[in-house]
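Q: Please read through the structure below; I'll follow up with questions.
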Amino acid sequence: MSSIHLARSDNLKVTINIYKEPLMKHLVSDNERKLTIQDLCHSLLISYFPDETIGPAAFQLFGLVYYDDTKKMCIWMNPKKCLKDISLVNEKGEIDVYLRIRFLPIKDR
C-alpha cells in the first residue's frame, strides 16, 4: 500500500480489524461514519466483547489506528472526530484500520 492521507470521502470502504480469535473484520456502515471515533470504539467493544467487563473509564483507553506505509508507523485517529470527516484515502478506495488499546503498561515497572 502506498501513501495514505486524510481527506473527506463518503464512498470509501473502511474495514476495522478487531483482535479476537479469530480476527474479526468489521465493515463500517454509513451510520457508523457519523459517530465519533470514541463512540464507534465504544459500540464495537460492546458488540464484539459482550461478556467482558469494561468499565466506563476504560472505554477511553481504546482507539482506532491506521498504518502509514510511507512513515512506517501507526497513526492514531482523533477520538473526537467522525469517520465521515476524516476518512482515509488511498488509491484502492478502501482502508483497514485497527481497534487497539491506546495505553499499554511498561513491562519492567
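The values are calculated or read from the model by the stated rules, or taken from the named source; none is laboratory data. Fair warning: this is a prediction, and the values are worked out from it, not measured in the lab. Here the Cβ positions follow ideal geometry from the backbone for every residue, glycine too, while neighbour counts run over all protein chains shown. Surface areas here come from the heavy atoms of the whole protein model, side chains and all, with no ligands, DNA or RNA. Shrake-Rupley method; radii C 1.70, N 1.55, O 1.52, S 1.80 Å.
Q: Which numbered condition in (1) at pLDDT 85 or above; (2) outside any strand (DSSP E or B); (3) of a type outside the set (Lys, Arg) is the only one that GLY63 fails?
A: Status for GLY63: all satisfied but (2).
Q: Here are some residues: LYS92, LYS80. Which one is at pLDDT 80 or above and loosely packed, with under 12 Cβ neighbours inside 10 Å? Spell out how you get there, then give the answer.
A: Values: LYS92 fails: at pLDDT 80 or above.
Of LYS92, LYS80, the one residue that is at pLDDT 80 or above and loosely packed, with under 12 Cβ neighbours inside 10 Å is LYS80.
Q: Give the residue, chosen from PRO50, PRO56, that is open to solvent by 70 Å² or more (accessible area, probe 1.4 Å) and at pLDDT 85 or above.
A: On the way: PRO56 fails: at pLDDT 85 or above.
From the options PRO50, PRO56, the qualifying one is PRO50.
Q: Next question, about the same structure. Considering (1) loosely packed, with under 14 Cβ neighbours inside 10 Å; (2) not in a loop (DSSP other than H, G, I, E, B), say which one LYS71 fails and leave the rest.
A: Of (1) loosely packed, with under 14 Cβ neighbours inside 10 Å; (2) not in a loop (DSSP other than H, G, I, E, B), only one is false for LYS71: (2).
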